[in-house]
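Okay, structure first, notes after.
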Amino acid sequence: ASFDMGGHDTYMHKEISEQPDAVDRVLRGRIDDRFSTVHLGGLNLDPREARTIRRIKILGCGTSYHAGLIGAGLIESMARIPADAEPASEFRYRNPVVDPDTLYIAVSQSGETYDVLAAVQELKRKGARVLGVVNVVGSAIAREADGGVYVHAGPEVCVVSTKCFTNTVVAFALLALHLGRIRDLSVTDGKRIIEGLRKLPEQIGEILQNEDEIKKLAEEYAGAQSMMFIGRVRGYPVALEASLKLKEISYIHAEAYPASELKHGPLALIEPALPTVAIVPDDDLLEKNRAALEEIKARSGRILAVAHQPQEKADHTIVVPKNEDELDAILMGIPLQLFAYHTALAMGRDIDKPRNLAKSVTVE
Ligand code: AGP
């Protein structure tokens, strides 16, 4: 790659550090404070059409799929439209029922991932309306879609996606807010979300300043054979994404589970040698999440929590700034990017070029 490293040792580190600016870019020029609404020029969806959507299906692969999971949650909570995400690679092989009242959204950093492109083409053959949430301008998926939202993360060189994940989730927050304000989201709630979005760049900056502490923790956990990541509802996709990051660059085996599913099986794995990373936001599920930490502690499991306040049952807590409940997931993923990075570094891995992986998978 030929992009300037800007004083960083790896592209991954550079791209993690760029996130305050990247988030600023995805927001810029898109918010209308007079009405607490969002302007998305390329969406190509008029308000009347937006009101007829009965369901939203989000498709992507890997990290983009995880961003889509968070996006689905944002759309459900702000626009009250039933939404879910599925790996595009699975969707295209199960002869899906294509429903005319469903809006399909394809998510991709590169805009060239073959499984996603093939899903979009199949959907379009069947008459569906497909939007793109894409980073690379003019890419194949962006061209194929009927409209969409550009993510504006800037070029992402490292094989593992970091800043594009964050920006994609913010793009979904804008889309959810837009659809919500056309439908039933109040102006007050619109304003509240907008204020939350505007706080993100600075709050991400605060998290990045904790790098030394996160590095120390990563070095402590770097010897683990395997790690468990847990979260609940909004926190679960954060756990999935954090575990993918760790796998991709450190080659430590990691699993992500909804915290609520622990007792249905994975609790059997918990012992001192299997550390757990727990996403514990200060929201309506705080007590539920704390109960899961207790279950793990009772089995002598080590716990690293990412939370808004130190967690008594955890061995360590990475404290992150609080935003609106809907937007907390965006911030909680950031320290875990640095955690994966420093774990891999401590293990001497080639961070920008993890084994067996390519930046974009343009073949079947
Ligand atoms: C992320 O760290 C990955 N290397 C990978 O999962 C990636 O997100 C996936 O291949 C999809 O790529 P895309 O966003 O360019 O479509």
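Computed from the coordinates by the stated procedures, all read-outs in this text should not be read as laboratory data. Nothing here was measured: the structure is a model prediction, and the numbers come from that model. Positions of Cβ are backbone-derived with ideal geometry, glycine not excepted, and every protein chain shown enters the neighbour counts.
Roughly what angle does helix 114-125 make with the longest principal axis of the chain, taking Cα atoms, 0 to 90 degrees, to the nearest 10? Taking Cα atoms only, the helix is inclined about 30 degrees.
Residue by residue, the range 72-88 carries 3J(HN,Hα) couplings of 4, x, 5, 5, 4, 6, 8, 9, 6, 10, x, 9, 8, 10, 8, x, 4 Hz when phi is fed to the Karplus relation 6.51 cos²θ - 1.76 cosθ + 1.60 (θ = phi - 60°); x denotes Gly or Pro. Here the gap between A273 and R34, fully extended at 0.36 nm per residue and compared with their Cα-Cα distance, gives a gain of 80.6 nm. Each residue of the range 341-349 is assigned a 3J(HN,Hα), and the resulting list reads 4, 6, 5, 4, 4, 4, 8, x, 7 Hz, derived from the Karplus form 6.51 cos²θ - 1.76 cosθ + 1.60 (θ = phi - 60°), x at Gly and Pro. Only beta bridges with both residues in the chain are counted; by DSSP, about 5 percent of them are antiparallel. On the beta carbon distance between S300 and K216, with R0 = 22 Å, the FRET formula returns roughly 0.50.
Once R0 is set to 25 Å, what does the formula 1/(1 + (r/R0)^6) return for the Cβ-Cβ distance between R54 and E90, expressed as a FRET efficiency to the nearest 0.05?
Between R54 and E90 the formula returns 0.65.
Looking only at the range 316-336, which residues have a backbone nitrogen under 12 Å from a spot 7 Å from the Cα of D284 in the C-beta direction? Answer for this model: 325-326.
May I ask you to derive the FRET efficiency for V97 and T362 from their Cβ-Cβ distance with R0 = 30 Å, giving the value to the nearest 0.05? Between V97 and T362 the formula returns 0.60. In this simple spin-label model, placing a label point 7 Å from the Cα along the Cα-to-Cβ direction at both R143 and S186 gives a separation of 4.7 nm. Summarising the strand pairing of the range 1-111, around 15 percent of its internal DSSP beta bridges are antiparallel.
Each Lys and Arg adds +1 at its Cβ and each Asp and Glu adds -1 at its Cβ; summed about the Cα centre, the chain shows a dipole of about 860 debye. For the chain, what does the relative contact order come out to in percent, with C-alpha contacts under 8 Å and a separation of six or more? With pairs under 8 Å counted, the relative contact order is 19 percent. Helix 286-298 axis versus longest C-alpha principal axis of the chain: approximately 30°, rounded to the nearest ten.
Across the range 239-364, the mean sequence separation of Cα contacts (distance under 8 Å, 6 or more residues apart), normalised by length, yields a relative contact order of 26 percent. Spin-label model, E324 to H264: label points 7 Å out along the Cα-to-beta-carbon direction sit 3.1 nm apart.
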